[in-house]
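Data block below; observations after.
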Amino acid sequence: MSEFGDMLQRPFSPFLSTEERLANMESTISALTASNTSNSASMDRLSALFEAFMSGTPPNPTPAAPEADTTPPPRVTTTPAPGSPRSGSHHLRPLPPPIYDGARSGGRTFLNACKLYFSLCGGSFADDHARIIWVLSYMQHRRAADFISQVFQFGTAKDVFPAWKDFEDTFRGEFFLFDEVADAALTLESTAYFQNGRSIDEYIDSFRSLWVKAGYPDGRHLVLKFCRGMDPKLSR
């Protein structure tokens, strides 16, 4: 029944007594007042929503009941401890060293590349003998191949090199430059280090390499030597 139900059931009649007519009027006024109050609340709500929309602030939503968490629990995995045999070889796959031909100019670079591989994949090698055999497998041309032939003339690699230090010492003597410090110093004291048409980047890299190998101290003398070797059109 509507809010005016009582008023419709009891229509205003001139035959009612004064008390009944007053009661009927009071009921009608009360119904109208309640209707106006409801309409006013609705208008206030609409006004608040409009202001929130214009200001870009969303209205406060009615809090919903929390939903049940259906996410499965995370799987527990075991990470290998650092230094374990699988920790390096399983996660990192560095490039192996290039095939080495035995040139002394590349001996240090080749050995450093092998050591870097060992540091990343050390767990792939059971012992020093495995490391030595692995390095020998990349020595395939020219002087490097001759070195392999000499090793196996004396027996196995393990017989010739009982430990890694034995192999490294022999490798240094056979494939490193005889005296890198002296060679670099002699080059810097000659004109062989001059730029001679190379790009400035190539000249800088070459000069820095010679300077480091020779152990020259940094200073005015080194700057003058660098400028002396530059192409004249650049050193002006």
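Structure above, values below:
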item: Karplus (6.51, -1.76, 1.60) ³J(HN,Hα), θ = phi - 60°, over the stretch 121-135, in Hz, Gly and Pro reported as x; result: 10, x, x, 7, 10, 6, 7, 4, 4, 5, 5, 5, 4, 5, 5
item: Sorted largest first, extent of the stretch 127-211 alpha carbons per principal axis (Å); result: 50, 23, 22
item: Anchor Lys225: lysines whose Cα lies under 29 Å away (excluding residues fewer than 8 positions away in-chain); result: Lys213, Lys233
item: Cα gyration tensor category, rounded, prolate or oblate, for the stretch 94-169 with a/c compared to 1.5; result: oblate
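All of the numbers you see were taken from the coordinates with simple rules; none came from a lab. Keep in mind that what you see is a predicted model, and the values were worked out from it rather than measured.
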